[in-house]
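Asker: Handing you this structure, nothing more for now.
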Amino acid sequence: MKSVNHRVMMSGDKDRYSLAAFVIPNEGTIIRTPKELIDDQHPRLFKDFDFMEFFLFAFSDPAKHIDNGELLHVFAGLTPPVSN
């Protein structure tokens, strides 16, 4: 995975500190869209998937050539990603 693009603007001479916090679910956790969020106007975009399988895919050699914004679509997408 590549780092996200971001820009920080600061003024003055104060120190800036950053902290990254990550949460990884227990092994075997299945990620799925809650049923109450799916209807005719809001269809499922992704199939259910095992988080650890996605995590391992995201750091695999084939994934190195995929834009971070498209990793989930490539791994679990039910439709092609929408270009912005």
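The values are calculated or read from the model by the stated rules, or taken from the named source; none is laboratory data. Just so it is clear, the structure is predicted and the values come from calculations on it, not from any experiment. Heads up, the Cβs are rebuilt from the backbone with ideal geometry, glycines too, and the neighbour counts pull from every protein chain shown.
Asker: Out of the residues in the range 5-42 that are surrounded by 10 or more Cβ atoms within 10 Å (Cβ to Cβ) and either β-branched (Val, Ile, Thr) or modelled with pLDDT under 95 (or both), which is farthest from Gly77 (Cα to Cα)? Show your work before the answer.
Answerer: Going through the range 5-42, the residues surrounded by 10 or more Cβ atoms within 10 Å (Cβ to Cβ) turn out to be 25, 29-33, 38.
Next, only the ones that are either β-branched (Val, Ile, Thr) or modelled with pLDDT under 95 (or both) stay: 25, 29-31, 33, 38.
Details: Pro25: 20, Thr29: 18, Ile30: 15, Ile31: 13, Thr33: 12, Ile38: 15 Å.
The residue in question is Pro25.
Asker: Given (1) surrounded by 10 or more Cβ atoms within 10 Å (Cβ to Cβ); (2) without any contact (Cβ under 8 Å) to a residue 24 or more places away in the chain, identify the lone condition not met by Leu78.
Answerer: Condition (2) is where Leu78 drops out.
Asker: Oh, and also: Return the pairs, sorted by first residue and then second, in which the second residue is among the small types (Gly, Ala, Ser) and modelled with pLDDT of 95 or more, the first residue lies in the range 46-67 and is under 29 Å from Lys35 (Cα atoms) and surrounded by fewer than 15 Cβ atoms within 10 Å (Cβ to Cβ), the beta carbons are less than 7 Å apart, and the residues are 6+ apart or on different chains.
Answerer: That search, which allows pairs on different chains as well, returns Lys47/Ala76.
Asker: Another question, if that's okay. Please determine, by comparing only the residues of the range 68-83 that are at pLDDT below 90 and not small (Gly, Ala, Ser), which one is nearest to Ile38 (Cα to Cα). If you could, list the steps in order and put the result at the bottom.
Answerer: Of all residues in the range 68-83, those at pLDDT below 90 come to 68-69, 79-83.
Pick out the ones that are also not small (Gly, Ala, Ser) and you get 68, 79-82.
Working: Asn68: 25, Thr79: 15, Pro80: 18, Pro81: 18, Val82: 18 Å.
Taking the candidates together, the pick is Thr79.
Asker: Any idea how many residues of the range 30-46 are more than 20 Å from Glu70 (Cα to Cα) and either touching a strand residue (DSSP E or B) at 6+ places or on another chain (Cβ under 6 Å) or of a type in the set (A, V, I, L, M) (or both)? Break it down into steps so the answer makes sense when it comes.
Answerer: Kept after step one, since they are more than 20 Å from Glu70 (Cα to Cα), are these residues of the range 30-46: 34-41.
In the following step, the residues that additionally are either touching a strand residue (DSSP E or B) at 6+ places or on another chain (Cβ under 6 Å) or of a type in the set (A, V, I, L, M) (or both) were identified as 37-38.
Residues flagged as more than 20 Å from Glu70 (Cα to Cα) and either touching a strand residue (DSSP E or B) at 6+ places or on another chain (Cβ under 6 Å) or of a type in the set (A, V, I, L, M) (or both) within the range 30-46 amount to 2.
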